[in-house]
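For reference, the structure discussed in these notes is given below.
Derivation of every value follows stated rules applied to the coordinates shown; laboratory data play no part. Keep in mind that what you see is a predicted model, and the values were worked out from it rather than measured. Ideal geometry is used to build each Cβ from the backbone, glycine not excepted, and the neighbour counts take in all protein chains shown.
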Amino acid sequence: MPDDPQWEAPEGSWASSAARRRNMQAIRSRDTKPEWLIRRLVHAQGLRYRVAARPLPDLRRTADLVFRPTKVAVFIDGCYWHGCPEHYVPPKTNSGYWSEKVLRNMERDRETDQRLIDAGWLVLRFWEHEPSDSCADKIATTVNRRRRSSKTRPV
């Protein structure tokens, strides 16, 4: 029961209650509404991409949209999980754990960006609160520009 005073979190759990545990486990890691909207708009502009794919085979992280031929990786970051400077609010419960978790996410994001850049990829990151149409336009413009520039390069 969610309000059961006898409830104990499983060993090693971060949950402060059964209800909190269920709530946090229900949060999607992919196919969120912002991702879905941006994908739909990018697709409508005629672009095709991989969803939730690894840009590099040895990188155990996935990008939300991957354009392999042009080496563009797109991430749509959640404000809470990735520490948005505008919207992140530190948690009131179990704050040490969650603040550290978000900090680790931010560090991993920076490392991911650097590894992709070192491999010749262009990384685009957007916050979930940014307007979907402007994100989609920037993605389409970037991918199309990289397509054109790769066609004009001498072989």
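Summarising the label geometry, the points placed 7 Å from Cα in the beta-carbon direction at E111 and C84 lie 2.5 nm from one another.
Within region 39-102, the proportion of Cα pairs with more than 16 Å between them is 59 percent.
Just so you know, the averaged projected area of the alpha carbon convex hull for region 71-120 sits at 3.7 nm². Report note on the peptides 31-38, 89-96: ranked by the mean count of other C-beta atoms within 10 Å, highest first, their order is 31-38, 89-96.
Applying 0.36 nm per residue to the separation of L103 and L59 and subtracting their alpha-carbon distance, the gain on full extension is 13.9 nm. In summary, region 106-155 shows an alpha-carbon radius of gyration equal to 1.40 times the 2.2 N^0.38 Å reference for compact globular proteins. Using every pair of distinct Cα positions in region 50-155, the Kirkwood expression returns a hydrodynamic radius of 15.2 angstrom. A simple spin-label model places pseudo-atoms 7 Å from Cα toward Cβ; at T32 and R145 they are separated by 2.5 nm.
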